[in-house]
1. I'm told B:T244 meets every condition in (1) in a helix (DSSP H, G or I); (2) out of contact with any strand residue (DSSP E or B) (no Cβ under 6 Å at 6 or more places or on another chain) except one. Can you identify the failing condition by its number?
2. Loosely packed, with under 15 Cβ neighbours inside 10 Å, in contact (Cβ under 8 Å) with a residue 24 or more places away in the chain and β-branched (V, I, T): does that describe B:I237?
3. Which residues, taken from region A:134-169, are among the charged types (D, E, K, R) and not in a helix (DSSP H, G or I)?
4. Among (1) more than 14 Å from chain A (Cβ to nearest Cβ); (2) of a type in the set (A, V, I, L, M); (3) part of a helix (DSSP H, G or I), which single condition is B:I194 missing?
5. Does A:G209 satisfy being without any contact (Cβ under 8 Å) to a residue 12 or more places away in the chain and more than 14 Å from chain B (Cβ to nearest Cβ)?
6. Given the conditions (1) in contact with a Leu (Cβ under 9 Å, 6 or more places away or on another chain); (2) in contact (Cβ under 8 Å) with a residue 40 or more places away in the chain, which single one is not true for B:I18?
7. Kindly evaluate B:T172 against the criterion of being in the same structural domain as B:I104 (by the TED database), touching a residue at least 60 places away in the same chain (Cβ under 8 Å), of a type outside the set (D, E, K, R) and surrounded by 14 or more Cβ atoms within 10 Å (Cβ to Cβ).
8. Can you pull out the residues in region B:49-95 that are surrounded by 12 or more Cβ atoms within 10 Å (Cβ to Cβ), at pLDDT below 85 and not hydrophobic (A, V, I, L, M, F, W, C)?
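The values are calculated or read from the model by the stated rules, or taken from the named source; none is laboratory data. Note that this is a predicted model, so its numbers are computed, not measured. Don't worry about glycine lacking a Cβ; one is built from the backbone with ideal geometry, like all the others, and counts go over all protein chains shown.
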Amino acid sequence: MAGFFSGLRRLYLAIYNWLVFFGWVQVLYFAVKTLRESSPAAVYDAVEKPLQFAQTAAILEILHGLVGLVRSPVSATLPQIGSRLFVTWGILHSFPEVRNHWLVSSLVISWSLTEIIRYSFFGMKEAFGYTPSWLQWLRYSSFFVMYVTGISSEVGLIYAAIPYIKNSDLYCVRMPNKLNFAFDYFYASLLVLAVYVPGSPHMYMYMIGQRKKALSKSRKSD
Amino acid sequence: MKVSVVSRSGREIIKGGIDLSDNATVDDLKSSIHQRVKKYYPARQRLTLPQPGKGKPVVLERGKRLKDYFEKDEGKLVVVFKDLGPQVAYSTLFFWEYVGPLFIYPIFYYFPVYKYFGYPAERVIHPVQTYAMYYWCFHYAKRILETFFVHRFSHATSPLSNVFRNCCYYWTFGAVIAYFVNHPLYTPVSEKQIKIGFGLGIVCQVANFYCHILLRNLRIPGGKGGYQIPGGFLFNIVTCANYTTEIYQWLGFNIATQTVAGYTFLAVATFIMTNWALAKHRRLKKLFDGKDGRPKYPRRWVILPPFL
């Protein structure tokens, strides 16, 4: 019975990882194609559907961690995926004014490269129980560059959207109301920007720790 | 008796080890370490026995003799040292936690702060906002006074970093709740609901105070802490009646003032206290298992009857 469930678990995770992998491949393909044939301003419209699909599917990853399907702690996946969802839905989807910004190109290329490596790594692991060492090296080294370009693009796009957020009432709740509640999306976005300041170096250091752990382990087993 | 003090990675903390008399206690060892390394005062030290495998290491408790931990004369005794970081007394921690909300809340009530949030008009104060301010300040004044005159703490100190963490929690929530309850556009609930809320809250605060008196009497003054079966009043029904009354006290405040911020604080506080209560319940059940002449811990609710 236990063997059956672990088989089922592997099958599900393999399908999940490869499905999201193809989502990100599409994002990268359409982004590069648009950049070559047209301009950075057209990138968003070209990648919108696969980007929203692949990024939203990452919510399942938080759930996988919560129910113990995978070992990655929720404290690591939640801020990473949460900030990406905020940019995907809360900024790019909600404020079309920033979609033609050139940072969208660097954003989706950084994200898709990282995720193509990551999902193929986990997809290999679940489907074949084997990962080539060069893929593992990429998985735990690409962040050195991709984190910097990705996070800078995220922060830059939120910053670029701030004036539009300030002039709009989108997602805002105003008093008076019976629940005595108010929510201001402008201040919430500023708070998100502020969280990036300690959050980014923290995640960077976390990944360096992961890298040390993973790469030293594989050297020992060789 | 020679004791060698090492770090978890095996590095020697005290060069050459420490010489102690054969009857030395854990306290003697700690003060000797303190003498050698001035910054490691006893409360900052955690001493354990070397751990060959995984699992929880054995902690050397204050007041016990070192001999009790080392069965035979093994020649050289080894203890593992961990620096717990700077420590503060629990009363200091509690004082700073509670003094923030006590002073931050009335600022929103008395001073024209809302003009800095974009509400320049003079605000009309509803009676419920006045009651809420007195209720709030009474609550935190009560907690500060209890800290100094009622509570007896089992552990003498807490890490300094907890002061910053807990103050962030209490002060921020205090400010956010004060902001919404004293807001110029605040909408009060019906008079009947206000009376029910504050009524429940006041009854629970009095009950909570009585719970704290009962808990105080469980510990002998100048004693070394240790656990007893709590009893009397609500403790005959609930293990952590002090948390129960605290939670219902906040529920009363929220019924009367009705803010999302207040209910959020209630939910977070309930979550935190429930974890503490479950841990305490488990500890008491394990400690008083009814074997070897130890009393058996009676069947009780943990924190929130009739649910838990």
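1. Going through the list (1) in a helix (DSSP H, G or I); (2) out of contact with any strand residue (DSSP E or B) (no Cβ under 6 Å at 6 or more places or on another chain), B:T244 breaks only (2).
2. Values: loosely packed, with under 15 Cβ neighbours inside 10 Å: yes; in contact (Cβ under 8 Å) with a residue 24 or more places away in the chain: yes; β-branched (V, I, T): yes.
Judged against the criteria, B:I237 is a match.
3. Step one: of region A:134-169, the residues among the charged types (D, E, K, R) are A:139, A:154, A:166, A:169.
A:D169, the sole residue that qualifies.
4. Every condition holds for B:I194 apart from (1).
5. Spelling it out, A:G209 is indeed without any contact (Cβ under 8 Å) to a residue 12 or more places away in the chain and more than 14 Å from chain B (Cβ to nearest Cβ).
6. Condition not satisfied by B:I18: (2).
7. Working: in the same structural domain as B:I104 (by the TED database): yes; touching a residue at least 60 places away in the same chain (Cβ under 8 Å): no; of a type outside the set (D, E, K, R): yes; surrounded by 14 or more Cβ atoms within 10 Å (Cβ to Cβ): yes.
The answer is no for B:T172.
8. Within region B:49-95, B:P50, B:Q51, B:P57, B:E61, B:R62, B:K64, B:R65, B:K67, B:Y69 qualify.
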